[in-house]
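The values are calculated or read from the model by the stated rules, or taken from the named source; none is laboratory data. Bear in mind that the values here come from a model prediction, so they are computed numbers and not experimental data. FYI the Cβ positions are ideal-geometry reconstructions off the backbone, even for glycines, and counts take in every protein chain you see. Surface accessibility is based on the protein's heavy atoms, side chains included, excluding ligands, DNA and RNA. Shrake-Rupley method; radii C 1.70, N 1.55, O 1.52, S 1.80 Å.
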Amino acid sequence: MSNFIEKFTLGEVVVEDLDNFIDEWHDSPTDLSLYDYLGLTWEQYSDIVMNPKLLLEYFPRTSDVDKGE
């Protein structure tokens, strides 16, 4: 299964889908931390929690899905 960051950089999901991945993590039997499950480091996770727009700075997209093009 691909994590959120892999799908985000490919343009398969948008920032608003992050909550769905968090819900999946809560419902899964995984031993991964939430930030590992999402495909983030602890530092990235803590920054993005405070400012979700940092996702685009940390992870440029290969798709124009969020660019309005």
Keeping the other protein chains in place, figure out the carbon and sulfur percent of the accessible area of the chain, with a 1.4 Å probe. 51 percent
Estimated FRET transfer efficiency when R0 is 30 angstrom, pair residue 24-residue 49 (beta carbons, to 0.05): 0.95
For labels at residue 15 and residue 32 in the simple 7 Å Cα→Cβ model, what's the distance in nm? 2.3 nm
Once the Cα atoms of helix 18-27 and of the chain are each reduced to a long axis, what angle between those two axes, in degrees from 0 to 90 to the nearest 10, is obtained? 20 degrees
Label-point gap, in nm, between residue 56 and residue 6 - each point 7 angstrom along Cα→Cβ: 2.5 nm
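By per-residue mean of other Cβ atoms within 10 Å, what is the highest-first order of 37-43, 23-29, 56-62, 4-10? Intermediate results must be reported in sequence, preceding the final value.
Working: 37-43: 15.9, 23-29: 10.7, 56-62: 12.7, 4-10: 18.3.
The packing order, highest mean first, is 4-10, 37-43, 56-62, 23-29.
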Could you report the chain's accessible area per residue, 1.4 Å probe, as an integer in Å²? 68 Å²
Assign unit charges at the C-beta atoms only (+1 for Lys and Arg, -1 for Asp and Glu), then state the dipole size of the chain relative to its Cα centre in Debye, rounded to the nearest 20. 200 debye
